[in-house]
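Trainee: Before I ask anything, here is the structure I am working with.
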């Protein structure tokens, strides 16, 4: 285990109990609506199998479960046992029987079954190599399946010099200093664009968040 990962585990172990409140605050209470919008872009059908990488406390699960229905399945993977414990409590309270949790490093995790969709929200920038992560996500998905990544990043509009210092300050409790520069400058959506068909990319919340998604080609990935 590398130093960065040990630091991340420590951060999320100490702060897992406040993560949902943090998300609620920074999204101005709109996080349920935002997660539902993200999941809709996957165009999931009832009965499909979806992988939520770096699922954290399971904030995507409600929207995913509604999309795939009781006949579908959700697999949530995260390296942090503390975050997964929070996700497990959500599963118990909701009574979901089609959600499976796996504690694993998403940089080395490989599924044992074909997946209809893979998503990674607000975590890919923390990977040692976000571009390599995007390639792996596409490889995990069956041909024709959808891959979506979303994360915060440095604002590149004219008002960036005003907003970016506040972004870095707000992210500091969750992003170890050793990965800060990589996190804010990561552009894995460029890799995703090169490897998928029907690629789309959007900016949300004034350009502080990017959302990128596409479908794995029916032939070999690029």
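Trainee: Kindly evaluate residue 46 against the criterion of being farther than 25 Å from residue 172 by Cβ, modelled with pLDDT of 95 or more and assigned to a loop (DSSP other than H, G, I, E, B). Step through it out loud before you land on a result.
Mentor: Values: farther than 25 Å from residue 172 by Cβ: yes; modelled with pLDDT of 95 or more: yes; assigned to a loop (DSSP other than H, G, I, E, B): yes.
Yes; evaluated as a whole, the condition is true for this residue.
Trainee: Name, by its number, the condition in (1) closer than 20 Å to residue 104 by Cβ; (2) free of Cβ contacts under 8 Å to residues at least 60 places away in the same chain that does not hold for residue 86.
Mentor: (2)
Trainee: Quick one: residue 177 ticks every box in (1) more than 22 Å from residue 23 (Cα to Cα); (2) more than 18 Å from the chain's Cα centre (by Cα); (3) free of Cβ contacts under 8 Å to residues at least 60 places away in the same chain except a single one, so which number is it?
Mentor: Of (1) more than 22 Å from residue 23 (Cα to Cα); (2) more than 18 Å from the chain's Cα centre (by Cα); (3) free of Cβ contacts under 8 Å to residues at least 60 places away in the same chain, only one is false for residue 177: (1).
Trainee: Criterion first (outside any loop (DSSP other than H, G, I, E, B) and within 27 Å of residue 21 (Cα to Cα)) does residue 155 satisfy it?
Mentor: Taking the combined requirement at face value, the residue does not satisfy it.
Trainee: For the range 186-206, which positions are in contact with a strand residue (DSSP E or B) (Cβ under 7 Å, 6 or more places away or on another chain), without any contact (Cβ under 8 Å) to a residue 40 or more places away in the chain and more than 25 Å from residue 33 (Cβ to Cβ)?
Mentor: Result: 193, 197.
Trainee: Within the range 85-94, identify whether any single residue is crowded, with 21+ Cβ neighbours inside 10 Å, within 15 Å of the chain's Cα centre (by Cα) and part of a helix (DSSP H, G or I), and answer yes or no.
Mentor: Scanning the range 85-94 turns up at least one residue that is crowded, with 21+ Cβ neighbours inside 10 Å, within 15 Å of the chain's Cα centre (by Cα) and part of a helix (DSSP H, G or I).
Trainee: Within the range 47-68, does at least one residue satisfy the condition of being within 16 Å of residue 137 (Cα to Cα) and out of contact with any strand residue (DSSP E or B) (no Cβ under 8 Å at 6 or more places or on another chain)? Explain how you work it out, then say what you get.
Mentor: Going residue by residue through the range 47-68, those that are within 16 Å of residue 137 (Cα to Cα) are 49-55.
Okay, now just the ones that are also out of contact with any strand residue (DSSP E or B) (no Cβ under 8 Å at 6 or more places or on another chain), so none.
No: zero hits.
Trainee: Let me ask you something else. Does residue 123 fit the bill of being buried (at least 16 other Cβ atoms within 10 Å of the Cβ), in contact with a strand residue (DSSP E or B) (Cβ under 8 Å, 6 or more places away or on another chain) and either over 25 Å from residue 45 (Cβ atoms) or at pLDDT below 95 (or both)?
Mentor: Numbers: buried (at least 16 other Cβ atoms within 10 Å of the Cβ): yes; in contact with a strand residue (DSSP E or B) (Cβ under 8 Å, 6 or more places away or on another chain): yes; either over 25 Å from residue 45 (Cβ atoms) or at pLDDT below 95 (or both): yes.
Criteria met by residue 123.
Trainee: Is it fair to say residue 58 is over 14 Å from the mean Cα position of the chain (by Cα) and either surrounded by fewer than 22 Cβ atoms within 10 Å (Cβ to Cβ) or modelled with pLDDT of 95 or more (or both)? Steps first, please.
Mentor: Values: over 14 Å from the mean Cα position of the chain (by Cα): no; either surrounded by fewer than 22 Cβ atoms within 10 Å (Cβ to Cβ) or modelled with pLDDT of 95 or more (or both): yes.
In short, no.
Trainee: Here's another thing I want to ask about it. Restricting to the range 17-40, count the residues that are touching a helix residue (DSSP H, G or I) at 6+ places or on another chain (Cβ under 7 Å) and either part of a loop (DSSP other than H, G, I, E, B) or more than 24 Å from residue 148 (Cβ to Cβ) (or both).
Mentor: 1
Matching residues to (1) over 17 Å from residue 77 (Cβ atoms); (2) under 17 Å from the mean Cα position of the chain (by Cα); (3) assigned to a helix (DSSP H, G or I); (4) touching a residue at least 60 places away in the same chain (Cβ under 8 Å):
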| position | (1), (2), (3), (4) |
| --- | --- |
| 120 | no, yes, no, yes |
| 136 | no, yes, yes, no |
| 149 | no, yes, no, yes |
| 181 | yes, no, yes, no |
| 184 | yes, yes, yes, no |
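Trainee: Could you say which residue among 64, 59 is in contact with a helix residue (DSSP H, G or I) (Cβ under 8 Å, 6 or more places away or on another chain), in a loop (DSSP other than H, G, I, E, B) and under 24 Å from residue 213 (Cβ atoms)?
Mentor: On the way: 64 fails: in a loop (DSSP other than H, G, I, E, B).
Answer to the check: 59.
The values are calculated or read from the model by the stated rules, or taken from the named source; none is laboratory data. The structure presented is a predicted model; accordingly, all values stated were derived computationally and were not measured. So basically every Cβ, Gly included, is an ideal-geometry build from the backbone, and we count neighbours across all protein chains shown.
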